[in-house]
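The values are calculated or read from the model by the stated rules, or taken from the named source; none is laboratory data. Computed from a predicted structure; not experimentally measured. Glycine also receives a Cβ, built like all others from the backbone with ideal geometry; neighbour counts cover every protein chain displayed. For accessibility, only protein heavy atoms count, side chains too; no ligands or nucleic acids. Shrake-Rupley method; radii C 1.70, N 1.55, O 1.52, S 1.80 Å.
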Amino acid sequence: MKKSRVTYHFLLLTMLSLALSSCYTHHVVGLLQDDPKLPQYEKAKYEPYRIAVNDEVVYRLITMDETIAKAMQSQTNGNDVSSYRVYSDGTVDIPFLEPVRLEGLTLKEAEDTLRNHLRQIIPDAEVKVSLYNKTFTIIGDINSGTFNVYKDKLTIFQALAMSGDLANSGDRRHVRIIRPHGNDEPEVLEFDIRSNTVIDSKYYYVYPNDVIYVSRSPGSFYKVSSYSGFVAIVTSSLSLLIAVLNYTTLF
C-alpha cells in the first residue's frame with residue numbers, strides 16, 4: 001500500500017510538471033512587457049531610408065512644357081512605370097541627363113538633386129521620386145513572404161502582423177533584422193521583441209530590403225500551442241497514471 005502511494009505521488013508530480021512545462025505563458029510569448037528583467041533598449045531617432053546600390057527608383061516629371069513632357073514620356077515607355085537601377089558607382093541613368101549620383105540620399109534629397117539637374121534643360125521642372133523595390137521579407141518560424149513597405153515608419157509589429165503574427169513557437173528572444181547597406185556588409189540587428197522598450201528603439205522601424213528572421217524556440221518541441229493540445233497531454237498523463245496504479249496494486 002505504501003509503495004503504491006509513493007508511486008502515485010511521484011507520477012502525480014511528474015504529470016503536473018509535464019503539464020505546466022507544456023504551456024506557453026505570457027512571459028514567454030507576450031509582447032510589450034514592462035519587465036526590468038528583459039533587455040532594456042535605448043530610444044533612437046528615426047532615420048529616413050537612404051538609397052543604396054541596386055535599388056530601383058521611379059521619378060515623375062512635372063512641367064508646363066508639353067514638348068519636353070512628351071519627349072521625356074516617350075523615353076519612359078509611355079504611361080508605363082519605368083524604374084532606374086542604382087549602379088555600383090551610385091549613379092542612375094536618366095534620359096537627357098549625365099549620370100546622376102543618388103546613392104546615400106534620402107528620397108527628398110534625391111528629388112532635390114534630380115530637380116537641380118533637370119532645371120538646366122527644363123526651367124520649371126518639378127520632380128517626385130519613389131522607390132520601386134519598396135519591400136521587406138520575413139522568414140523563419142512564421143508565415144514567410146515578401147511584403148510592401150506601404151508607408152513611412154512601418155513598425156516591426158505592423159510588419160509581423162502583415163505575415164499573420166508570430167507563432168507561439170517562434171523565438172521572441174532572438175528576433176533578427178538583416179539590413180543590407182549597398183556594397184557594404186549587411187547589418188544584423190538582434191533583439192528581444194517581448195520588451196516594451198523596443199518601441200522607438202533602433203529595432204522598431206522596418207526599412208525597404210530588410211529581412212526579418214524569426215527562429216524556432218529551442219524548447220517549443222515540448223510545448224503545446226492550444227487548449228485542446230493541453231487537454232490531450234493531461235488526458236494521456238492521467239491514463240498512464242491509472243494504468244501504472246492498477247499495475248502496482250497487483251503486486
Checking Leu154 against (1) over 30 Å from Arg176 (Cβ atoms); (2) in contact (Cβ under 8 Å) with a residue 12 or more places away in the chain, the condition it does not meet: (1)
Filtered residue count, the stretch 92-112, keeping only those that are closer than 19 Å to Pro208 by Cβ and open to solvent by less than 80 Å² (accessible area, probe 1.4 Å): 10
One residue from Glu111, Glu103 being part of a loop (DSSP other than H, G, I, E, B) and at pLDDT 90 or above: Glu103
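Being modelled with pLDDT of 95 or more, charged (D, E, K, R) and surrounded by 18 or more Cβ atoms within 10 Å (Cβ to Cβ) narrows it down to one residue among Asp200, Asp210; which is it?
Details: Asp200 fails: surrounded by 18 or more Cβ atoms within 10 Å (Cβ to Cβ).
When all the criteria are applied, what remains is Asp210.
Can you find a residue that is within 16 Å of Tyr49 (Cα to Cα) and aliphatic (A, V, I, L, M) anywhere in the stretch 141-148? Outline the logic, then answer.
Of the stretch 141-148, the ones within 16 Å of Tyr49 (Cα to Cα) are 148.
If we keep only those that are aliphatic (A, V, I, L, M) as well, we get none.
Checking the stretch 141-148: not a single residue is within 16 Å of Tyr49 (Cα to Cα) and aliphatic (A, V, I, L, M).
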Sole exception among (1) under 26 Å from Asp89 (Cβ atoms); (2) surrounded by fewer than 18 Cβ atoms within 10 Å (Cβ to Cβ); (3) touching a residue at least 40 places away in the same chain (Cβ under 8 Å) for Arg119, by number: (3)
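In the stretch 183-195, what residues are in contact (Cβ under 8 Å) with a residue 12 or more places away in the chain, over 17 Å from Tyr46 (Cα atoms) and surrounded by fewer than 18 Cβ atoms within 10 Å (Cβ to Cβ)?
Filtering the stretch 183-195 for residues in contact (Cβ under 8 Å) with a residue 12 or more places away in the chain gives 183, 188-195.
Cutting the leftovers down to over 17 Å from Tyr46 (Cα atoms) gives us 183, 188, 190-195.
Once the filter is applied, which keeps residues that are in contact (Cβ under 8 Å) with a residue 12 or more places away in the chain, over 17 Å from Tyr46 (Cα atoms) and surrounded by fewer than 18 Cβ atoms within 10 Å (Cβ to Cβ), the stretch 183-195 yields Asn183, Val188, Glu190.
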Sole exception among (1) crowded, with 16+ Cβ neighbours inside 10 Å; (2) in a loop (DSSP other than H, G, I, E, B) for Met64, by number: (1)
Cross-chain or 6+ apart pairs with Cβ under 8 Å, the stretch 14-35 first and open to solvent by less than 30 Å² (accessible area, probe 1.4 Å), then at pLDDT below 85 and not in a helix (DSSP H, G or I): Ser22/Lys223; Ser22/Val224
